[in-house]
Amino acid sequence: MNILGIDTSCDDTSAGVVRDGRNVLSNIVQSQVMLHGPHGGVVPELASREHLKNIVPAVHEALAKAGIQMSDLDAVAVTVGPGLVGSLLVGLYYAKSLAYVNNIPLVAVNHLEGHIISIFLEEKIPEFPFVALTVSGGHTSLYHVKGYGRYFLLGQTLDDAAGEAFDKVAKILGLGYPGGALIERLSRSGDMEKIKFPRPYLSNDSLDFSFSGLKTSVSLYLKRLNENQAEISEKMKADIAASFQESVMDVLVNKLMRARENMGAESVVMAGGVACNKRLRDRLLQAASGHGVQMYYPRPEYCTDNGAMIAAAAYHRLLNGERSDFSIDVRSKFPVSELEEIV
Ligand code: KG4
Ligand code: ZN
């Protein structure tokens, strides 16, 4: 079964073709980083206009790369939320028109389900049940995953997402946007023990996260440095980046492992843009080995927003006989706990 998956939830125009839920025939991502970079973050109005320009070429490229025609598609899957409303609308209405014209099913997908299911695009896959951490620019959530479509929220961020904190700290340090990979690179030449930034919410029993205070700590630290000396050296910036990154890692790894222990799960999965971070992967590997825990994370291409993960999530819904009505609309907020309302 060939499914075209479309994701335009934020600033990437993505389209991918996946066969039988696991075999990626193509995965095209048209990035808007160059457009939003000078603004230091995503500008929603610009994002939707850019999706309008990119969506048709991205889908055509996905089909060409997969070596198939529109008539070879069995269904069209599309993200309906959560995300930026204007951006989501472009993907949804294009998907609706493709499904209508080609007389094939439309499957509405929750973006977060896409991230959780992205691990099934890899060769090595976990067995249910497992604990999953989805950690990106918009979300930081822990789930107990009991099966396809059976996701139970264990904890989530109460304010900023981890990726958002990376982006904001990168902005404070004058590194550019998006900040995650830039902070990771700079951290390699820094001393992660130099500054003891707070580990928010680590000492309590909750599996929730909070990153906005940490960002403020970094900002205050930099302000004090600026008051005391004329120029902040590259080495100082690297120490700040590495110390900040380690704070985030401590919290993410600790809570993920605690959630695993609470649930008695043997496997942990990590997905979303921040899961590209090599230090995070190493830290998790360290924490998992010794406990007999299996650790899974998709390759970077499937961690960041992509259409293939949307097609993979839709596959199981289609097998279940689910089809979306053409009256379906986008949802800026869409917790996975409300997934049953999707069709
Ligand atoms: O999943 P994604 O592409 O989009 C959202 O759904 O948000 O994630 C993008 C986020 C950005 O905040 C970016 O800074 C962060 O993931 N990110 C990273 C790394 N690569 C991307 N954060 C930390 N380390 C990285 N290597
Ligand atoms: Zn995402």
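Let me have the 222 nm mean residue ellipticity of the chain computed from DSSP H runs of 4+ only, each contributing -39500 (n - 2.57), with the sum over all residues rounded to the nearest 500.
-13500 deg cm²/dmol, from helical runs alone.
Could you compute Rg(Cα) / (2.2 N^0.38 Å) for segment 1-133, with N its residue count?
1.06
When the chain is treated as a Gaussian network with alpha carbon springs shorter than 10 Å, the biggest mean-square fluctuation among 101, 109, 43 belongs to 101.
Three semi-axes describe the equivalent ellipsoid of the chain; taken as square roots of 5 times the Cα gyration tensor eigenvalues and ordered largest first, they are 35, 23, 16 Å. Among the GluC sites (Glu not before Pro) in segment 242-338, those placed in a DSSP loop whose Cβ has at most 16 other Cβ atoms within 10 Å are 266, 322.
Each residue of segment 153-167 is assigned a 3J(HN,Hα), and the resulting list reads 5, 9, x, 7, 6, 8, 9, 7, 7, 4, x, 4, 5, 4, 5 Hz, derived from the Karplus form 6.51 cos²θ - 1.76 cosθ + 1.60 (θ = phi - 60°), x at Gly and Pro.
With N as its number of residues, segment 216-271 has a Cα radius of gyration that, divided by 2.2 N^0.38 Å, comes to 1.68.
Computed from Cα atoms, the angle from the helix 44-66 axis to the main principal axis of the chain rounds to 60 degrees.
Of all DSSP beta bridges located in the chain, what percent are antiparallel, nearest 5?
Counting DSSP beta bridges with both partners in the chain, the antiparallel share is about 60 percent.
Evaluated with a Cβ-only charge set (Lys, Arg +1; Asp, Glu -1), the chain carries a dipole of roughly 560 debye about its Cα centre, given to the nearest 20.
For the options 179, 147, 137, a Gaussian network treatment of the chain with springs between C-alpha atoms closer than 10 Å singles out 147 as fluctuating the most. Its alpha carbons considered, segment 63-214 gives a radius of gyration followed by a Dmax of 19.5, 60 Å.
Derived scalar couplings between HN and Hα for segment 192-199 equal 6, 9, 5, 10, 9, 6, x, 10 Hz in order, rounded to whole Hz, by the Karplus curve 6.51 cos²θ - 1.76 cosθ + 1.60 (θ = phi - 60°), x for Gly and Pro.
With the Kirkwood sum run over all distinct C-alpha pairs, segment 126-297 has a hydrodynamic radius of 16.4 Å.
Bear in mind these aren't lab numbers, they're just calculated from the coordinates by the rules spelled out. Keep in mind it's a predicted model, so treat the numbers as computed, not measured. As a convention, Cβ positions derive from the backbone with ideal geometry for all residues, glycine included, and neighbour counts pool all protein chains shown.
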